[in-house]
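Everything below concerns the one structure shown next.
Just so it is clear, none of the values below were taken in a lab; they were calculated from the coordinates. Because the structure is predicted, anything quoted here is derived from the model rather than measured. Using ideal geometry, Cβ is built from the backbone for each residue, glycine included, and neighbour counts are taken over all protein chains shown.
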């Protein structure tokens, strides 16, 4: 398909002086309203990482958003849809800058994003203060839906996500290590990002709760390339599994250098969805074969049809694992707009910002591409709409390393764990 024209720089619209329109006088929403003129488009925002090493995550979600809009023929409530994309990078600073640009545009009804949890930390306070709605398709840090500041929670009203909470993903990695790999000792590495640190903590706590021994907990810095010092220290601790849920390219350096680190020859390398891309396998090379990674898993006939549509309209296969979550996020936003919009006598649409938040909060048993979605409102799951069941453990093979086949084969999911526990009982 001809891809949607993306507005990459956002400027706020200047409201002319004079008597208020009939439509604006009817706005009773406590957070204000978006007004859409009879001939104006409905504007949807997106804050995604579309440049740099993590751009494939943003492109993955962008494709899901575009297909959701395409399936409505680019129209919503009789108006054309305009998609405004801001590059939030994968940092708090990038998220903050993108959020400032989005919040300045009063025509935007809601935002899909951010891509990375670190960017959400910078964006969320600004978007919330602006009274806007923000739905992420790939943020997974437990901090973002936890409102307890003493526990590191950073939740802000108006934030939702269709991605899983890493309380589920970290626990699944630990269960796989204990139940399948029969690991007795684990080492964890993060890079200080709320996503990577959150996963490392959940893995360590769950592993210890399953009577495993957490023999090392450490960190690298983003931008590090020489991992020999930390890998030597890890080797001395004698782990069966090295859990490194860090982003690329740091994960690529860790795995490739671990292969030549004495004492880690038999240790299993485990990553997470921060490395869930064919580029990880290809850039890491032969050392990637045998690496296990946790990540999103969606299946079924509807999803198969989605992949066919992706190939026809965008080309090839999705570059990462959150495209289906972005598709669901976009549809939830558009459904919310349809549910709350009111039309003034002059044909102007009035869309209440608090009403949009309440429409999202009311989502229950939504039949999404990623499964059944119900948006929660209790900490530590404020705004969490996913259940955590759309996850699996994958193992990289030579096909990913040498032939670019993606995704890698699934070797385990939570249904296997439950079956195992039932058999044991």
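With bins 5 Å wide beginning at 0, the percent of Cα pairs of region 191-329 falling in each bin runs 2, 9, 17, 20, 18, 13, 9, 6, 4, 1, 0.
In nm, give the distance between the simple-model label positions of residue 51 and residue 378, each being 7 Å from the Cα along the Cα-to-Cβ direction. Output for this residue pair reads 4.4 nm. When a/c is below 1.5 the answer is rounded, else prolate if a/b is larger than b/c, else oblate, so apply that to region 163-204 with a ≥ b ≥ c taken from the square roots of the Cα gyration tensor eigenvalues. Cα axes put region 163-204 in the oblate bin. Between helix 92-103 and the chain there is an angle of about 20 degrees, using the helix long axis and the longest principal axis of the Cα atoms. Along each principal axis, taking the top coordinate minus the bottom one, the Cα set of the chain gives 76, 47, 46 Å in descending order.
Beta bridges assigned by DSSP with both partners in the chain are antiparallel in approximately 35 percent of cases. One compactness figure for region 47-96 is 1.32, namely its Cα radius of gyration divided by 2.2 N^0.38 Å.
Stretching residue 229 away from residue 80 to a fully extended chain increases their span by 48.1 nm, per 0.36 nm per residue minus the current alpha-carbon distance. Taking label points 7 Å from Cα along the Cα-to-Cβ direction, residue 365 and residue 335 give a separation of 1.3 nm.
Against the main long axis of the alpha-carbon atoms of the chain, helix 301-313 sits at an angle near 70°. Seen against the Cα atoms of the chain and their longest principal axis, helix 55-70 is set at about 40 degrees. Prolate is the label for region 249-380, because the ratio a/c of its alpha-carbon gyration tensor axes (a ≥ b ≥ c) is 1.5 or higher and a/b is greater than b/c. Here r is the Cβ-Cβ distance between residue 217 and residue 307 and R0 is 41 Å; the resulting FRET efficiency, rounded to 0.05, is 0.60.
Look at 56, 280, 322 and count the other Cβ atoms within 10 Å of each Cβ; fewest to most, that gives 56, 280, 322. Residue order for 193, 39, fewest other beta carbons within 10 angstrom first, comes to 39, 193. For region 244-265, list residues with backbone N below 13 Å from a point placed 7 Å from the Cα of residue 286 toward its Cβ? Taking a point 7 Å out along Cα→Cβ of residue 286, the residues of region 244-265 whose backbone N falls under 13 Å are 259-260. Using the Cβ-Cβ distance between residue 342 and residue 399 with R0 set to 56 Å, the FRET efficiency from 1/(1 + (r/R0)^6) comes to roughly 0.55. By definition, a body whose alpha carbon gyration tensor gives a ≥ b ≥ c is oblate when a/c is 1.5 or more and a/b is not larger than b/c, and region 150-227 fits this oblate description. Relative contact order of region 98-155: 33 percent, from C-alpha pairs under 8 Å at least 6 residues apart in sequence. Over the residues of the chain, the helix contribution to mean residue ellipticity at 222 nm works out to -11500 deg cm²/dmol, using -39500 (n - 2.57) for each DSSP H run of at least 4. In terms of surrounding Cβ atoms within a 10 Å radius of their Cβ, 414, 307, 133, 333 rank from fewest to most as 307, 414, 333, 133.
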